[in-house]
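Colleague: Starting off with a structure, shown below.
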Amino acid sequence: MKAKITEMMERPNVLLRGNFACAGCGLSIAYRTSISALDRPIVVIPACCSSVIQSLHPNVAFNVPTLNIAFAAHASAASGIARAKKMRGEEVTTVVWSGDGGTYDIGLATWSGAAERNENIIHFCYDNNFYSNTGAQRSGATPRGAVTTTTPEGKKEKRKSITRIMAAHDIPYIATASIGYPRDLYAKVKKASTIEGYRFILIDAPCPTGWLSDPAITPELGELAVKTGYFPLYEIENGNLIFSRKGEKYRDPENRVPLEEYLSKQNRFKKMTPSQIVEVKKDIQHEWDQLVRLE
Amino acid sequence: MNEDIELKDPVLPLGRPTLGSAGETGDWRTYRPKFIEENCIKCYKCWLSCPEGTIRVDAHGEYPYIDYVYCKGCGVCVHVCPGRKKQKALEMIPE
């Protein structure tokens, strides 16, 4: 999918300049692109990097109505907003904007309940692979071998597949997108906004501060994650998986860019041994095999 | 924003959208992106990928320009620029 650039330019600016985001922040690109695609959004944010970027009281960098809520309460707060607005007859898009800590680990029970009730919410998870807000601790999304402050020798376990957990809830729309392809991300958000029910979009958002990479290559890391097969791009509509055009050819391992190219650009993978790299490659292949079964 | 909410002293922890809520973040940079107009093909990839939104475009078809007051100098725009005949329309120069 590819959105028209003229259409994207007409949308309002949702993230004001001069905020607290680090230079080269992947989350900022994800936020600007996805929230600008929505009509009348109300954003619910748990504790995450977004609540830092939002700045200090009484100044706010987010140009849309935003509610800050406790870590494990995002989807339940959004459920309340969505229902209240429906009762009052106001047409709004209720959005949960949470990091991977709030989606993979802490907020799991909350969103699972909201997904089961099929509340009318769009749930975004910008995945930067750890708790970046509190200083780079390991989360369920951290890949094998990555150094964080709580795994100084590299994580020993593989990362969780949140989209497959989400798919088990039989919600109407699930998509993965990357900041390396902003037009694809915009088109997927636009598509999600036309569907009723609980919708989930997972966005790969590289974090130069925590991944110990060059801030300038943030979008390139997003692209490389897709090209190495590490982050497959697909949509799941009513249980049917469709691979996105940008990422479909990486289904065949021979078309993939060598994984070492992606890992070598991030200093968090510096302590990885060759045997661990082989294991990561196995993890990637396992994920693809599981996805193909959903097709 | 709803205009009829009047903010008196600490009643609600309510913030307002403000430009430059972290101050003039242009102070953070050590390198600045320089725009070279003749190499620009107006693909707007820099506008799409700028995390801060400091690359500004007035309308489709116009050249982009940079807001140096808030540009943090990350260099994303220079990296994504395809340029004309492999000559990039943006380059990083020391501040």
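Colleague: Leaving ligands, DNA and RNA out of it, report the carbon-plus-sulfur percent of the accessible area of chain A at a 1.4 Å probe. Spell out each step's value before the answer.
Modeller: Numbers: 6160 of 11640 Å².
Result for chain A: 53 percent of the exposed heavy-atom area is carbon or sulfur.
Colleague: Just need the Rg to Rh number for the stretch A:72-148, please, alpha carbons only, Kirkwood Rh.
Modeller: Values: Rg = 14.5 Å, Rh = 13.4 Å.
Checking Rg against Rh, the ratio lands at 1.08.
Colleague: Please tell me the relative contact order of the stretch B:25-94 in percent, rounded to the nearest whole number, where contacts are Cα pairs under 8 Å and at least six residues apart.
Modeller: Numbers: 123 pairs, mean separation 33.0, N = 70.
RCO, the stretch B:25-94: 47 percent.
Colleague: Using the Karplus curve 6.51 cos²θ - 1.76 cosθ + 1.60 with θ = phi - 60°, what ³J(HN,Hα) values do you get for each residue of the stretch B:73-86, in whole Hz, with x for Gly and Pro?
Modeller: x, 6, x, 4, 4, 5, 5, 7, 5, x, x, 10, 6, 6
Colleague: With a point put 7 Å past each Cα toward its Cβ, work out how far residue A:294 is from residue B:58 in nm, to one decimal.
Modeller: Taking the two extended label points, one gets 4.7 nm.
Colleague: Once both axes come from the Cα atoms, what is the angle between helix A:74-87 and the longest principal axis of chain A, in degrees from 0 to 90, rounded to 10?
Modeller: The helix A:74-87 is inclined about 30 degrees to chain A.
Colleague: Another question, if that's okay. Suppose only helical runs count, i.e. DSSP H with n ≥ 4. What mean residue ellipticity at 222 nm does that imply for chain B under -39500 (n - 2.57) per run, divided by all residues and rounded to the nearest 500 deg cm²/dmol? Walk me through the numbers before you get to the answer.
Modeller: On the way: 2 runs with 10 residues, N = 95.
The helix contribution divided over chain B gives -2000 deg cm²/dmol.
Colleague: Let me ask you something else. Once neighbouring chains are kept in place and the probe is 1.4 Å, which whole percent of the accessible area of the stretch B:25-94 is contributed by carbon and sulfur? Kindly include the intermediate steps, with their values, before the conclusion.
Modeller: On the way: 1830 of 3670 Å².
Ligands and nucleic acids excluded, carbon and sulfur give 50 percent.
Colleague: Could you work out, for the stretch A:1-87, what percent of all Cα-Cα pairs fall into each 5 Å distance bin, beginning at 0 Å and stopping at the bin that holds the largest distance?
Modeller: In whole percents, the pair-distance histogram is 3, 12, 22, 22, 20, 13, 7, 1, 0.
Colleague: Now for a different question. Before anything else, pin down the relative contact order of the stretch A:5-293: Cα pairs under 8 Å, at least 6 apart, normalised by residue count, whole percent. Intermediate values should be presented prior to the final figure.
Modeller: On the way: 557 pairs, mean separation 48.3, N = 289.
Relative contact order, the stretch A:5-293: 17 percent.
Colleague: Considering the stretch B:25-94, what Rg and Dmax in Å follow from its alpha-carbon atoms?
Modeller: Using the Cα atoms of the stretch B:25-94, the pair Rg, Dmax is 11.2, 33 Å.
Colleague: Separate question: Roughly what angle does helix A:182-192 make with the longest principal axis of chain A, taking Cα atoms, 0 to 90 degrees, to the nearest 10?
Modeller: Here the helix axis deviates by roughly 50 degrees.
Colleague: Kindly identify residues of the stretch B:68-92 having a loss of at least 40 Å² in accessible area between the isolated chain and the assembly of all protein chains, probe radius 1.4 Å.
Modeller: Those are B:72, B:74, B:76, B:79, which lose 40 Å² or more relative to the chain on its own.
Colleague: Assuming a viscosity of 1.002 mPa s and a temperature of 20 °C, what translational diffusion coefficient in µm² per second does Stokes-Einstein assign to the protein assembly as shown, Rh being the Kirkwood radius over Cα pairs?
Modeller: Details: Rh = 21.4 Å.
Once the numbers are plugged in, D ends up at 100 µm²/s.
Colleague: Calculate for chain A the 222 nm mean residue ellipticity that helices alone would give, adding -39,500 (n - 2.57) per DSSP H run of length 4 or more and normalising by residue count, nearest 500 deg cm²/dmol.
Modeller: Details: 11 runs with 100 residues, N = 295.
It comes out at -9500 deg cm²/dmol, rounded to the nearest 500.
Colleague: Could you check what % of the DSSP bridge pairs in the stretch A:5-293 are antiparallel, to the nearest 5?
Modeller: Values: 10 of 34 bridges.
Percentage antiparallel, nearest 5: 30.
Colleague: Determine the principal axes of the Cα atoms in the stretch A:163-295, then give the extent along each, sorted from largest to smallest and rounded to whole angstroms.
Modeller: 44, 31, 24
Colleague: Sticking with this structure for a sec: If we restrict to alpha carbons, what Rg and Dmax does the stretch A:107-158 come to, in Å?
Modeller: For the stretch A:107-158, the Cα radius of gyration and maximum Cα-Cα distance read 14.1, 42 Å.
Colleague: Another question about this same structure. Taking 2.2 N^0.38 Å as the expected size of a compact globular protein, what ratio does the Cα radius of gyration of the stretch A:1-147 give against it, to two decimals? Could you put the intermediate results ahead of the total?
Modeller: On the way: Rg = 15.5 Å, N = 147, 2.2 N^0.38 = 14.7 Å.
My calculation over the Cα atoms of the stretch A:1-147 gives 1.06.
Colleague: May I ask you to give the solvent-accessible area per residue for chain A, in square angstrom, as obtained with a 1.4 angstrom probe? Walk me through the numbers on the way to the answer.
Modeller: Working: 11640 Å² over 295 residues.
On a per-residue basis, 39 Å².
Colleague: Moving on to the next point. How much length is gained on full extension from residue A:134 to residue A:194, taking 0.36 nm per residue of separation minus their Cα-Cα distance? Walk me through the numbers before you get to the answer.
Modeller: On the way: separation 60, 0.36 × 60 = 21.60 nm, distance 3.52 nm.
So the extension gain works out to 18.1 nm.
Colleague: Can you give the angle from 0 to 90° between the axis of helix A:26-35 and the longest principal axis of chain A, with both taken from C-alpha atoms, to the nearest 10?
Modeller: The angle comes out near 40 degrees.
Colleague: Can you pull out the buried accessible area for chains A and B, both sides counted, probe 1.4 Å, rounded to the nearest 100 Å²? Numbers along the way, then the final one.
Modeller: On the way: alone 13090 and 7230 Å², together 17460 Å².
Approximately 2900 Å² gets buried when A meets B.
Colleague: Quick one: which residues, 5+ away or cross-chain, put their amide H under 5 Å from the amide H of residue A:93? H built at 1.01 Å from N.
Modeller: A:42
The values are calculated or read from the model by the stated rules, or taken from the named source; none is laboratory data. Because the structure is a prediction, the values reported are computed rather than measured. Neighbour counts run over all protein chains shown; Cβ positions are idealised from the backbone, glycine included. Side chains are part of the model used for accessible areas, which takes the heavy atoms of the whole protein and leaves out ligands, DNA and RNA. Shrake-Rupley method; radii C 1.70, N 1.55, O 1.52, S 1.80 Å.
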